[in-house]
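A.B. asks: One structure coming up, written as structure tokens, with questions to follow.
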Amino acid sequence: MEAPGGTLLPLTNELIAGVLDGHGYAFAQDPDGDLVGRWDDNLIYFFRLGRAGEILQVRTLVSRVFEIDDVLPLYGFCNAWNQDKLWPKAFVHVNDNGTVRVLGEVVADLEHGVSSDQLDQLLTCGITSGCQLADALEDLKL
């Protein structure tokens with residue numbers, strides 16, 4: 001089956017890297033084999049999940065670090081964000097050392113494949129909306 005923008009291909013790191021390269025983005029492969037880049041000091045990971053690596057997860061680790069006392073207001077922020085925005089899904093993560101980070105996720109199941117245009121749209125959405133989440137958190141007064 002042909003999709004607008006090209007043939008449907010299985011999701012691979014090479015396919016993701018090709019789209020990122022096409023935009024001139026700087027990224028690397030971490031020790032686990034996942035692709036990761038930095039946008040405005042935020043780390044954005046490009047994970048392939050699922051048994052066949054068919055699920056794309058663009059995960060933003062927002063650079064701003066919060067304190068444990070900020071957890072409840074951050075829950076409120078994330079709940080409001082998730083109610084008002086479609087992407088990325090925002091959530092709070094408490095680290096073992098007591099620091100708190102907010103993460104954003106855009107996830108797509110690509111079991112039947114993805115065209116290069118579709119993948120470009122998904123990656124652009126993940127990067128752009130992740131940076132918008134980070135910008136909103138930079139402006140958050142706690």
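The values are calculated or read from the model by the stated rules, or taken from the named source; none is laboratory data. The structure displayed is predicted, hence computed values, not measured ones. Neighbour counts are summed over all protein chains in view; Cβ atoms, including those assigned to glycine, are modelled from backbone coordinates with ideal geometry.
A.B. asks: Looking only at residues that are under 15 Å from C78 (Cα atoms), of a type in the set (A, V, I, L, M, F, W, C) and in contact with a His (Cβ under 9 Å, 6 or more places away or on another chain) in the stretch 97-129, which one is surrounded by the fewest Cβ atoms within 10 Å (Cβ to Cβ)?
C.D. replies: Here the answer is V100.
A.B. asks: Hey, L56 hits all of (1) surrounded by fewer than 16 Cβ atoms within 10 Å (Cβ to Cβ); (2) in contact with a strand residue (DSSP E or B) (Cβ under 7 Å, 6 or more places away or on another chain); (3) among the aliphatic types (A, V, I, L, M) but one; which does it fall short on?
C.D. replies: (1)
A.B. asks: Say we look at the stretch 59-84 and pick out the residues that are of a type in the set (V, I, T) and over 23 Å from L110 (Cα atoms); which of these is surrounded by the most Cβ atoms within 10 Å (Cβ to Cβ)?
C.D. replies: So the residue we want is V62.
A.B. asks: Can Q132 be described as in contact with a Pro (Cβ under 9 Å, 6 or more places away or on another chain), surrounded by fewer than 19 Cβ atoms within 10 Å (Cβ to Cβ), at pLDDT 95 or above and on the phi < 0 side of the Ramachandran plot?
C.D. replies: Considered against the rule, which asks whether it is in contact with a Pro (Cβ under 9 Å, 6 or more places away or on another chain), surrounded by fewer than 19 Cβ atoms within 10 Å (Cβ to Cβ), at pLDDT 95 or above and on the phi < 0 side of the Ramachandran plot, Q132 comes out as yes.
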